[in-house]
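*Asks:* Starting off with a structure, shown below.
Each reported figure results from applying straightforward, stated rules to the coordinates on display, with no laboratory input. A quick note: this is a predicted structure, and the numbers were derived from the prediction, not measured. Note: ideal-geometry Cβ built from the backbone for every residue, glycine included; neighbour counts use all protein chains shown.
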Amino acid sequence: MTQPTFHPMGEADWPEVRRIYAEGIATGLATFEAAPPEHWADFIRTKVADCCLVARDTRGAMVAWAVLIPVSSRHVYRGVAEMSLYVSASHRGRRVGDALMAAMIRHSEAKGFWTLQSSTFPQNAASLALQRRHGFHIVGIREKIGRMPQGPLAGRWCDTLLLERRSRIAGQA
């Protein structure tokens, strides 16, 4: 695949974002959510609005998206966010996630974010490998943090790994 192009996410993107989110949810290894929200307003409410990107292929089809979610409302943590990244089922394994992750890291650093975090299921080997390639490392395990509503782990209390990436650019002064 040729390099995707990246664009700020907006309300007009919601149907495609929702579709890709639903594909990720269907794996049972991406999130504790059972379904994406119905409405854009419900989705974007918790996100850093100017730190949401979509990736499109050469035909203009959305192939992935990524968002940042603040970890705290406290001022001291203003440069720390959780990253969430989803790749369409048809483009998994084609390095779309790598391209979007690199773009999102550059974008987040330009916006002053010095630490990116993620909460990832230990069974999600592809996501863990992607994050490690981009400088994330495991800082902890959240044991039996939630019960999975769907997929191969349905009904089980699941652990998540807390991963973190510290910028070498932002937050250094």
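*Asks:* Evaluate the distance, in nm, between pseudo-label points positioned 7 Å from the Cα of Ser90 and of Ile145 along their respective Cα→Cβ axes.
*Replies:* The modelled label-to-label distance comes out at 3.2 nm.
*Asks:* Which residue, Gly24, Ile44, Thr120, has the largest displacement toward the positive end of the dipole of the chain when charges sit on each Cβ (Lys, Arg +1; Asp, Glu -1)?
*Replies:* Going by the Cα projections, it comes out as Thr120.
*Asks:* Ignoring the sites themselves, what is the longest stretch of the chain with no GluC sites (Glu not before Pro) in a DSSP loop and at most 13 other beta-carbon atoms within 10 Å?
*Replies:* Maximal segment without exposed cleavage sites: 39-173.
*Asks:* Tally the DSSP beta bridges in the chain and give the antiparallel ones as a percent, rounded to 5.
*Replies:* In the chain, DSSP labels about 90 percent of beta bridges as antiparallel.
*Asks:* Between (1) 21.4, 75; (2) 15.5, 46; (3) 15.3, 43, which entry matches Rg and Dmax of the Cα atoms in Å as derived from the coordinates of this structure?
*Replies:* Label (2) holds the value from this structure.
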